[in-house]
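> Can you read through this structure? Questions will come right after.
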Amino acid sequence: MNVTIHDTAIVDAGAVIGEGTKVWHWTHVCSGAHIGRNCSLGQNVYIGGKSLIGNNVKIQNNVSVYDSVKLDDDVFCGPSMVFTNVYNPRATVSRKDEYRTTYVKQGATLGANCTIVCGVTIGKYAFIGAGAVIRENVKDYALMAGVPAKQIGWMSEDGERIPLPLEGAGEYTCPKTNVSYILNIDTLARK
């Protein structure tokens, strides 16, 4: 198989890694993990054994993708961003049977140092700003920023801000890609 695994990386037996994927320095991929094709796992990444990672996913340095996290195709995880897996952790209380599922849909970007509290769904092509804290579900194409994060706009599939209000009606065509988007009340969709 055409998979690149750095000498310092640990890939446990039973992990599934797709064609063209690169696993870099000091990364640990646990048994049972499923990683798609053409992914990049940066330095010091941890992939839990019950995580699912799609194709063309980029996971930058110092990111842990714990059990019960699912990343669809084309997701970008910025440097040192954080997933949690227990909602109310305590060192003296075992809650491994209480992991909450986190689902990141196709094309979403999770900016550097953002935190995704477990149990949420991040919509398609959503864009989470650097340092933001996500505690609730995020709509498709939503631009989120702040602590706690609030929606401040919309983003195109190409990663450009869409000049439409958060609510109302409207239409926008991206000049770079010619893809059109329609705003209907408080939901943005591709035309």
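> Students often get this wrong, so check it: of Lys58/Lys105; Lys22/Lys50; Lys50/Lys96; Lys22/Lys191, which have C-alpha atoms separated by over 23 Å? Mind dumping the intermediate values first?
Numbers: Lys58/Lys105 14 Å; Lys22/Lys50 20 Å; Lys50/Lys96 12 Å; Lys22/Lys191 35 Å.
Beyond 23 Å between Cα atoms: Lys22/Lys191.
> At what distance in nm do the modelled label points of Ile185 and Val3 sit from each other, each positioned 7 Å from its Cα along Cα→Cβ?
4.5
> Please compute, over every Cα-Cα pair in segment 1-52, the percentage with a separation greater than 15 angstrom. Write down the numbers at each step before the final one.
Values: 474 of 1326 pairs.
So the pairs more than 15 Å apart make up 36 percent of the total in segment 1-52.
> Based only on the alpha carbon positions, what is the Kirkwood hydrodynamic radius of segment 8-108, in angstrom? List each step's numbers first, then the result.
On the way: mean 1/r = 0.0740 Å⁻¹.
Taking every pair of different Cα atoms in segment 8-108, averaging 1/r and inverting gives 13.5 Å.
> Once ligands and nucleic acids are excluded and a 1.4 Å probe is used, how much of Tyr172 is accessible, expressed in Å² to the nearest 10?
Estimated to the nearest 10 Å², Tyr172 gives 50 Å².
> Identify all aspartates and glutamates with a Cα-Cα distance to Lys176 below 16 Å; exclude those on the same chain that are fewer than 8 residues away in sequence.
Reachable aspartates and glutamates: Glu157, Asp158, Glu160.
> I'd like the Karplus ³J(HN,Hα) series for segment 37-50: coefficients 6.51, -1.76, 1.60, θ = phi - 60°, whole numbers in Hz, and an x wherever there's a Gly or Pro.
My calculation for segment 37-50 gives 7, 6, 8, 10, 10, x, 5, 6, 9, 10, 10, x, x, 10 Hz in order.
> Return the equivalent ellipsoid semi-axes of the chain as a descending list in whole Å, where each equals the square root of 5 times an eigenvalue of the C-alpha gyration tensor. Working shown, then result.
On the way: eigenvalues 184, 83, 33 Å².
So the three semi-axes of the chain are 30, 20, 13 Å.
> Suppose the chain between Ser80 and Lys150 were pulled fully straight at 0.36 nm per residue; how much longer would it get relative to their current alpha carbon spacing?
Working: separation 70, 0.36 × 70 = 25.20 nm, distance 2.07 nm.
Length gained, Ser80 through Lys150: 23.1 nm.
> For the chain, what is the accessible area per residue in Å² when the probe is 1.4 Å? Show your work: numbers first, answer last.
On the way: 9700 Å² over 191 residues.
The answer is 51 Å² per residue.
> How much of the DSSP beta bridge set in the chain is antiparallel, as a percent to the nearest 5?
Around 30 percent antiparallel, to the nearest 5.
> Something else about it: Once the Cβ-Cβ distance between Glu167 and Ala130 is put in as r, and R0 is 25 Å, what FRET efficiency do you end up with, to the nearest 0.05?
Values: r = 25 Å, r/R0 = 1.01.
So the FRET efficiency works out to roughly 0.50.
> About its Cα centre, how strong a charge dipole does segment 1-80 have in debye, to the nearest 20, once Lys and Arg get +1 and Asp and Glu get -1 at the Cβ? Each step should come with its number before you reach the end.
Values: 5 positive and 7 negative charges, 11 e Å.
That gives segment 1-80 a dipole magnitude of about 60 debye.
> Okay, moving on. Gain in length, Glu98 to Lys50, computed as 0.36 nm per residue apart minus the alpha-carbon separation, to one decimal in nm?
Values: separation 48, 0.36 × 48 = 17.28 nm, distance 1.39 nm.
Once the chain is fully extended between Glu98 and Lys50, it gains 15.9 nm.
> Another one. Can you compute the label reach from Thr121? Point 7 Å from Cα along the Cβ direction, backbone N cut-off under 14 Å, restricted to segment 38-70.
Label zone hits: 70.
The values are calculated or read from the model by the stated rules, or taken from the named source; none is laboratory data. This is a predicted model, so every value here is computed, not measured. Don't worry about glycine lacking a Cβ; one is built from the backbone with ideal geometry, like all the others, and counts go over all protein chains shown. Surface areas here come from the heavy atoms of the whole protein model, side chains and all, with no ligands, DNA or RNA. Shrake-Rupley method; radii C 1.70, N 1.55, O 1.52, S 1.80 Å.
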